[in-house]
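Below is one structure, written out as structure tokens; comments come after it.
Only the coordinates and a few stated rules stand behind these numbers; no lab work does. Everything numeric in this text was worked out from a predicted model, so none of it was measured. FYI the Cβ positions are ideal-geometry reconstructions off the backbone, even for glycines, and counts take in every protein chain you see.
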Amino acid sequence: MKAVLVASLLGPAPAPAVTPPTSPPAATQVTVEILRLRAAGLDTDAFARELALRLPAARIVGHDADPATTPGFTVFVDVQRDGSSAWALTLVASDGRAYDRRVAADASSSADDVVRLLAGNIGNLVAAIEAGTVAHDRNDVPIPAPAVATPACPACPQPKSVAPCPEPTITTAARAVPPAAFELGIGIAPSLAIGLGEPDDADRFTAAGGDVGLWLRHRSGALVGTEVRVIGRKLAFDTSIVRTRIGIGVGYAWRRGSFELASTAAIGIEPWSVRAAGARRDLGDTEGEARTGAPLFGGSIRIVPAHRFEIGGVGVRIGPRVEVAASSAIGDGGRVAQLFVDDGDALTSIGRVGGWELGLGVDVVVWIPLRSKRLARRGRRP
């Protein structure tokens with residue numbers, strides 16, 4: 001017996017039991033069957049339609065719907081304005097999980113843009129709740145009970161010893177003022193013009209000066225307006241040239257946040273004159289025939305990428321301007337008018353008028369919202 005005992009003591013010790021690692025608990029997945037909506041300051045019907053596009057499997061009802069008629073896993077959605085352009089979102093699920101979010105909208109966004117922005121955020125959050133991929137912010141939060149309308153006083157019993165029912169206090173939420181349908185733009189732009197193409201022996205620097213303009217922008221981005229440009233430069237032999245362009249244009253100003261990209265096409269007529277010692281100089285052609293400086297007629301395409309900001313209730317746009325223009329004196333068939341001075345021995349080139357030109361400048365526009373008094377009163381109504 002001793003030998004058996006010793007042998008068993010000298011044998012290898014039994015291996016310890018190994019507990020296999022436990023896998024992490026699976027994320028809770030649910031199917032949202034009912035969305036109960038409570039939204040202030042929004043078009044409720046449009047909001048419900050946008051949510052239905054993003055969550056086709058969920059039934060969407062108002063918060064005042066009877067819970068007994070809407071069984072199933074429910075998510076309560078509460079939307080409230082939080083400041084001038086931000087919104088507070090609160091989502092409460094049937095199991096008590098609550099989610100809090102804040103969504104900022106661009107101040108220039110239309111009411112439809114805001115509805116789509118909020119519906120997109122809520123659709124993404126509900127999808128994450130169903131998949132169990134988002135952490136909740138609060139626990140054990142009950143879904144608020146639907147508001148019960150106060151019965152009218154005639155339905156209240158009126159015993160002689162009981163005071164009559166008090167009249168209910170009716171309050172209405174302030175309506176958000178929609179973006180202005182139109183904006184009036186007043187602009188200035190110092191600029192210069194550079195000649196392109198032929199004639200090769202003409203000075204490329206054409207003239208410098210500036211523009212003033214008046215523009216009307218619809219909230220869709222469409223533009224229409226008029227501008228006056230006055231440019232000029234000193235030439236050789238104590239002469240100078242002055243050009244005045246009057247044009248009308250159409251275009252589009254696209255906005256995203258603080259960025260604005262404006263593109264326009266315009267046509268214009270441009271009287272010009274050559275002066276020496278403050279007086280208009282006579283002109284002639286190369287054959288010695290007297291000529292008048294016929295006005296230029298042409299068109300231009302312009303693009304302005306700019307920064308836009310708000311100050312004192314108006315918008316201000318500042319950015320570089322790039323313009324490509326083509327013009328010709330009326331009756332010249334699109335040709336460039338080259339200027340020469342006859343000093344008795346030879347013709348000396350002193351400049352050019354018309355043809356292809358590149359314009360460079362700095363564009364500054366002040367946008368003033370145009371609102372009717374009726375809309376302003378509706379926005380201030382309590």
Once you have the Cα-Cα distance between Arg256 and Glu198, take 0.36 nm times their residue separation minus that, and quote the gain in nm to one decimal. 16.9 nm
Dipole magnitude (debye, nearest 20) for region 34-131, charges at Cβ of Lys, Arg, Asp, Glu: 180
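Per Stokes-Einstein, at 4 °C and 1.567 mPa s, what whole-number D in µm² s⁻¹ belongs to region 34-131, with the Kirkwood radius over Cα pairs as the hydrodynamic radius? If you can, show how the numbers build up before the last one.
On the way: Rh = 13.7 Å.
The calculation lands on 95 µm²/s.
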Sequence-distant residues sharing a close amide H with Gly185 (under 5 Å, placed H): Trp215, Leu216, Arg217, Ile368
Specify the inter-centroid distance of region 236-252 and region 111-148, based on alpha-carbon positions, in whole Å. 58
